[in-house]
Each structure stands twice: as structure tokens, then as C-alpha cells.
Amino acid sequence: MAELTRPFPPGSYPVIVIGSGPGGLQVSYSLRQQGVRHAVLSADPAPGGMFRRWPFFQRLLSWTKPYAPVARGTRAYERYDWNSLLGEEDDTRAIAPTLMDGTSYFPSRPEMEANLAAFAERTALEVRYDCAWTATRLLDAPEGADRFEVETVDGTYTCGTLVMAVGVAQPYIPPGIGMEHAYHYADVRPAETYADRRVLIIGKQNSGFELANGLLPWARQLVLVSPSHAKLSVDTNSLVGVRARYVQPYEDNVLGGGVSILDAAIDRVERHDDGALAVSMRRTDGGGDILVEADDVISATGFVAPLLDLPALGVATFGASALPVVSPWWESKTVPGIFVAGTLGQAAKGLQRHGLPANSGAVHGARYNARVLAGHIARTRFGIEPPRPAIDRAHAVGWLATELADGPELFHQRGYLARLLTADPDGSLRDDGVQPLAHILDTDGPDALAITLEADGSGSIYPVVFTRRAGIVSERVIAPDPLGRHDTPDARAALTEAVDRITRV
């Protein structure tokens, strides 16, 4: 009888969401808020997805600060809580800090899993768990009709809109001679089994340094290797590079503590008769060839998107992670009607005006993308128009300044998401909500202004105001405030000028 009560039996649904990680849950909740009927299918047995397995050493890289300069549960508090999903009800806001034990402001894996489970329960989200997606077919149907056929272990589903929230979770080991002797980050053994062993880790990003940091008390020797020099977040002034929590191996390297960090490319891995491994490398920093003996070789070389047969259906991909090629609205550019959410949202690169990526690969960025995506699907595929509240011109500057100071979407998705105000022909203003900045700047339309926050790698965060008047786009960069207050007199002066520019009749 339990089988009969499972939600979303095989059949036709307007939208199908695949995945029950943070992206899938947020998209589902936001679609429901928009009134869009949909089904959520997940191979997992419960909410949480990858957090039941990774990161290997338990603690997440994204923080949640139980005590912050603003009240918990408010919209402004989302700047300090990077792990809660976005609910509208009081008991669905800021769930993560209520489940943390206080030993760290980086949640543990069990705490994050409980956070997602609590959100799903309190919002009464329905998901068909233990329902793995196995294949996809493109039907001969007009766009918007049941165009996609989704095969699962439970049967066949059809839909007109397909949202992939499956993460970037398929382990990737680069090809090479002898790489069969290496194993992936996903297959690392318990830390104590590396006691008194020589471990070589391929990859010098967060996963490689996380392993090295966790193995410091156990391994006899640690070597981290990749062709490129290791970047540290404290040097890039961004989330690009190895996070500060994992830099102890870097310090051990420079202080001669039994850790070596090499800029080199792997030529081959060979196994000796005694079981030891010999790793031959070519230095990429101008040095000569080098040979390292190891007991274990671990490939911390990342993951790829588990898209199954979607590329065969025409979904174009790019890069080592095989991310889909998508529009600023996260829709496949080659197979319309297929959207991505969650970690896959990083496929939409945005403008990257200063070379820094958005935070779409993490919960604190992906949750806003998911909410914006749900609104976009509701409007463009189901004709559900969003509210466009009128903004009184006399109060517009104060309203915009508050958004710069407190708006979490702009803070977490700097230079990627923007708040858009559109001018009606009579000079009145309408709030058109949060949208991808790349879409706003690449699209013609009525006179409007958009605000966003940016960072250029210098360590400063500052507001930028864009205006579009008679089709001509102008930009004004506002000086950063040393205390991070983005509603400064300079900001208000720029906003006043922008409002005046687009409301002149």
C-alpha cells in the first residue's frame, strides 16, 4: 500500500524537476508559489543529495552565522546565512542556524542534511524519492506541449518543460598512462587508513586541499600536484581559489613540514612489484622532470554533470565539467524547454566583468537563481505574469538604497543578478524584480535602471547603477564604503541622478 501513496505516479506533468538537492527543492517551492503544477523526481532516498557523502571531512565551505548584525529570519540576514533555503513562512526562514551545535559556523554534513529535510517537511514539498532518471526522448510535439519523455525506474513521464537539478556529481579522473592506479576523491578511505603512508593528490583546488588538510595528522608524506599554481582565496579576494580553512598544507609546504606542492603535469603512474607507485612528472614551473614514490594516488580532479543521454538529444555542453550551454535564464541554447538549476546553474557565466564567477555553484547563489528561474518559467511558459508594484518616484531613491544595503540577491550574486526598475511612458516607475544582469544589458526595452553589487578582486564590494534611456545604456560605478554600507551619500546621489534620467518625460 505504501507504493500507492507515493507522489507523482508516472504520467504527464507540465514541468518535471529532476533532483532533490538544494536546487531542486528551491525550484519546486518557488514553482508552487507561482502556481505552476510540476513533479519532482529524485534518485535519492531523502532530501540532501551529495551532502550525505561530501565533503569528505564533514564541514561545508559555506558559513551560517547564528549571530549577525541583523535579526535572524529577516531578508537582510540571508547575507550571513549561506545555507538555508528561501521560504516565505516564518518557520521556513533561516532554518540552518537553528540546527547547528555551535562548534563551528560552517555546518557539518548531518546539519546541512537536516536543514534541507526540515525545509522540505515544513513546506510540505512532495518528491518522488528512489525514482532514478534513466533515459530521455525528444517527442515530435510543439514547444510547450509534452515534448520530453523521461524514463525512470518507476515508469515513463512526459512534460513540456524539464528542469535538471542533478548537480555536478559524477566523478572525473583525467585520462593518462597508469591513471587506473589512482582513485577519485569520491572513493577516499577513512582517514586513519592512511596512517604512515605516502599520499600523492592530483589537483590543487578545494577538494585536494581539503583531503590534504584532513590527512595531515595521518599521512607520512603529502604531495599535491597540478600543472597550474595553487590559487588562494585570501590572495584573489574572492571565492576563487583554495579557501582559508584549507591552507594549513600550504603553510606546511613553505615551512618544510612534510608537505610538497608541485606545479607539474603527470606523465605516467606505474606500480612496482611491492605495490608502491612511481609517479613521473614534468615540471611546469621551469624545473626538470621529477619522480615521486607514493603508496596512494588520489585524483581530486573534480566532477562532471551527470546528463546521461541529454547530449545525444542535442544538449550542447562545454568545459571539463560538461556543463550545458545555456542562456542567461538557464535554458539550453540548443534544446529549448530544458532548464538547469542548483549547481548546474553555474553554466550561465554572466558577464564576469572582472573575471570573477558568480556563486551559482553554491547554495547561497543557486537558491536565488532557482527563485528567479521559477518566475521566468511561470511567465514565459504558462503566461503567469508577475506583480509589478508601482514605486513612488519620491521614495524610489530610498527604496533602491535599501536594496543595495540589504538585498541578499545582489550581495550573493554580485555582478550577476540585478534589481530592475522600469519607467512607464508617464514617468512612473515599476519594480520588475531581480533578473540576470546579462539579460538586462543585452535586451532592448523601455527606459529603465538596474542596480547590482560588484567586486573586482581588490577586496572591495561596491554598487553599480545602469540606466537605459532611449536605448542607450550608461553605467556609474559607486565608490565602496569601508564598512560595507552601500546606501552611502555617494550611492544616493548616483541613484537620484539615475531616477531623474529615466523619468524625464
**Request:** Only residues that are assigned to a loop (DSSP other than H, G, I, E, B) and of a type in the set (Val, Ile, Thr): list them for segment 318-332, please.
**Result:** 325
**Message:** I'm checking my understanding of the structure. Among residues of segment 325-338 that are under 17 Å from residue 138 (Cα atoms) and not hydroxyl-bearing (Ser, Thr, Tyr), which one is surrounded by the most Cβ atoms within 10 Å (Cβ to Cβ)?
**Reply:** 338
**Message:** I want to confirm something. Restricting to segment 91-110 and keeping residues that are assigned to a helix (DSSP H, G or I) and at pLDDT below 95, which single residue is farthest from residue 404 (Cα to Cα)?
**Reply:** 110
**Asked** In this structure, is residue 461 in contact (Cβ under 8 Å) with a residue 40 or more places away in the chain, over 15 Å from residue 398 (Cβ atoms) and of a type in the set (A, V, I, L, M)?
**Response** yes
**Fill in**
Scanning segment 390-410 residue by residue, the ones that are part of a helix (DSSP H, G or I), among the charged types (D, E, K, R) and closer than 23 Å to residue 503 by Cα total 2
**Single residue of segment 443-500 satisfying the filter (among the polar types (S, T, N, Q) and either in contact with a Lys or Arg (Cβ under 8 Å, 6 or more places away or on another chain) or under 18 Å from residue 400 (Cα atoms) (or both)) that is surrounded by the most Cβ atoms within 10 Å (Cβ to Cβ)** = 452
**Complete:** Exactly one of 315, 335 is β-branched (Val, Ile, Thr), in a loop (DSSP other than H, G, I, E, B) and in contact with a Ser or Thr (Cβ under 8 Å, 6 or more places away or on another chain), and that one is 315
**Asked** residue 422 is checked against (1) in a strand (DSSP E or B); (2) touching a residue at least 40 places away in the same chain (Cβ under 8 Å) and fails just one. What number does that condition carry?
**Response** (2)
**Request:** Within segment 417-426, identify whether any single residue is acidic (Asp, Glu), farther than 30 Å from residue 64 by Cβ and surrounded by fewer than 18 Cβ atoms within 10 Å (Cβ to Cβ), and answer yes or no.
**Result:** yes
**Asked** Does any residue of segment 401-408 turn out to be within 26 Å of the chain's Cα centre (by Cα), of a type in the set (A, V, I, L, M) and outside the structural domain of residue 234 (by TED's automatic domain parsing)?
**Response** yes
**Request:** Name the residue, out of 234, 247, 240, 153, that is surrounded by fewer than 21 Cβ atoms within 10 Å (Cβ to Cβ), of a type in the set (A, V, I, L, M, F, W, C) and assigned by TED's automatic domain parsing to the domain that holds residue 320.
**Result:** 153
**Message:** Against the definition (in a helix (DSSP H, G or I) and assigned by TED's automatic domain parsing to the domain that holds residue 400), how does residue 440 come out, yes or no?
**Reply:** yes
**Message:** Going residue by residue through segment 52-63, is there one that turns out to be touching a Ser or Thr at 6+ places or on another chain (Cβ under 7 Å) and not aliphatic (A, V, I, L, M)?
**Reply:** yes
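Which residues, counting only those in segment 338-378, are part of a loop (DSSP other than H, G, I, E, B) and either over 14 Å from the mean Cα position of the chain (by Cα) or of a type in the set (Phe, Trp, Tyr) (or both)?
Once the filter is applied, which keeps residues that are part of a loop (DSSP other than H, G, I, E, B) and either over 14 Å from the mean Cα position of the chain (by Cα) or of a type in the set (Phe, Trp, Tyr) (or both), segment 338-378 yields 351, 352, 353, 354, 355.
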**Asked** Given the residues 103, 92, which is the only one that is without any contact (Cβ under 8 Å) to a residue 12 or more places away in the chain and in the same structural domain as residue 342 (by TED's automatic domain parsing)?
**Response** 103
**Complete:** Among residues of segment 306-348 being among the β-branched types (Val, Ile, Thr) and in contact with a strand residue (DSSP E or B) (Cβ under 8 Å, 6 or more places away or on another chain), the residue nearest to residue 16 (Cα to Cα) is 338
**Message:** Let me spell it out: the conditions are (1) over 30 Å from residue 354 (Cα atoms); (2) not assigned by TED's automatic domain parsing to the domain that holds residue 136, and residue 311 meets all of them except one. Which number is the exception?
**Reply:** (2)
**Message:** Against the conditions (1) out of contact with any Asp or Glu (no Cβ under 6 Å at 6 or more places or on another chain); (2) under 30 Å from residue 214 (Cα atoms); (3) outside any loop (DSSP other than H, G, I, E, B), where does residue 51 fall short? Just the number, please.
**Reply:** (1)
**Message:** Can you list residue pairs whose Cβ atoms sit under 8 Å apart, with the first residue in segment 256-282 being aromatic (Phe, Trp, Tyr) and the second being part of a strand (DSSP E or B)? Count only pairs 6 or more apart in sequence or on different chains.
**Reply:** none
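The values are calculated or read from the model by the stated rules, or taken from the named source; none is laboratory data. Only a predicted model underlies this, so the values are computations on that prediction, with no experimental measurement involved. Quick reminder, even Gly has a Cβ in these numbers, built from the backbone with ideal geometry, and neighbours come from all protein chains shown.
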